[in-house]
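Notes follow the structure.
The values are calculated or read from the model by the stated rules, or taken from the named source; none is laboratory data. Here the structure is a predicted model, which means the values were calculated and not measured. So basically every Cβ, Gly included, is an ideal-geometry build from the backbone, and we count neighbours across all protein chains shown. Side chains included, ligands, DNA and RNA excluded: accessible areas come from the protein's heavy atoms. Shrake-Rupley method; radii C 1.70, N 1.55, O 1.52, S 1.80 Å.
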Amino acid sequence: MKQKPVHTAMQPFLEGQVILINKPLRWTSFDAVKKVRILTGVSKVGHAGTLDPLATGLLIICTGKFTKKINGYMGMEKEYTGSITLGACTPTFDLESEPENIQSTENITAEKLLITAEKFTGNIMQVPPIHSAIKKDGKKLYELARKGKEVIAEPRPVTISVFELTKIEMPVVYFRVVCSTGTYIRSLANDFGATLGCGGYLSSLCRTKIGDFSVGDAYTLETFEQYIQYLKRSSEGQANT
């Protein structure tokens, strides 16, 4: 994408900046990148780790020369909070598809929940969702799955440092997870429910940290747009004095 001239106040973004964005619900990560491109006028923009449309939270967006830092940020430990709804499962492991195979959760005690969560803490092998962007033979798994083709996802090693149940309101269980890059929280929810014997799917998710970066320090898209407008007004005001 050819770079067009940018507003004087956008020069730092052209040279390279790291922008923390709190991605809103139902936006894709690419939607957020596109918004930053439009607001700054900078064509070289990328993000350090996809968030699903139904997830919210921290998205690291890099511009200009700082896009070279993306791989380093992607490799950092992540923290998430969210909820798992027990008693059913979905093909996508989240609410992108309809719950099915409804089962009772009457026999699921708090003790059983805590014991089961411990089984998923540490170095584990995890099977990614077939509805994911992981590639097999050059094709994304979700593309194959949507065509109705049989998809077998290979298990991968991941590290879950913390899997803490923060609140239990059956059939919904709230959690905090700290994990390595490459961990699918959707898969964790599905596997957690399967181990309990009642099924489960991810019903909400927020990425709260990437390394030392926190969602508490992130712009909403609205406040980032206001910041860009402020920079442009300030620059124009100085030029007129």
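Can you bin the chain into rounded, prolate or oblate? Criterion: square roots of the alpha carbon gyration tensor eigenvalues sorted a ≥ b ≥ c, rounded for a/c under 1.5, prolate for a/b above b/c, oblate for the rest.
Details: a/c = 2.47, a/b = 1.98, b/c = 1.25.
Prolate, because a/c is 1.5 or more and a/b exceeds b/c.
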Would you calculate, for the chain, the mean residue ellipticity at 222 nm contributed by helices, counting each DSSP H stretch of 4 or more residues as -39,500 (n - 2.57) and dividing by all residues, to the nearest 500?
-8500 deg cm²/dmol
Got a sec to turn the phi values of the range 4-13 into Karplus ³J(HN,Hα) couplings, 6.51 cos²θ - 1.76 cosθ + 1.60 with θ = phi - 60°, whole Hz, x for Gly and Pro?
8, x, 10, 4, 3, 5, 8, 4, x, 6
Using a 10 angstrom Cβ neighbour count of at most 13 plus a DSSP loop assignment to flag exposed GluC sites (Glu not before Pro), which longest range of the chain is free of such sites?
1-105
Quick one: dipole size for the range 12-67, taken about the Cα centre, charges +1 on Lys/Arg Cβ and -1 on Asp/Glu Cβ, in debye to the nearest 20.
100
For the pair S97/Y174, report the inter-label distance in nm, with labels modelled 7 Å from Cα in the Cβ direction.
2.9
Which loop-located trypsin sites (Lys or Arg not before Pro) does the range 1-89 contain, where loop means any DSSP state but H, G, I, E or B and the Cβ has at most 13 other Cβ atoms within 10 Å?
K2, R26
State the percentage of accessible surface on the chain attributable to carbon and sulfur atoms; use a 1.4 Å probe and exclude ligands, DNA and RNA.
52
The farthest towards the positive end of the charge dipole of the chain, of the residues L59, V45, N71, given +1 on Cβ of Lys and Arg and -1 on Cβ of Asp and Glu, is V45
Of all chymotrypsin sites (Phe, Trp or Tyr not before Pro) in the range 1-78, the ones in DSSP coil with at most 10 other Cβ atoms within 10 Å are none
Using only alpha carbon positions, build the gyration tensor of the range 57-120, then give the equivalent ellipsoid semi-axes as the square roots of 5 times its eigenvalues, largest first, whole angstrom.
36, 17, 8
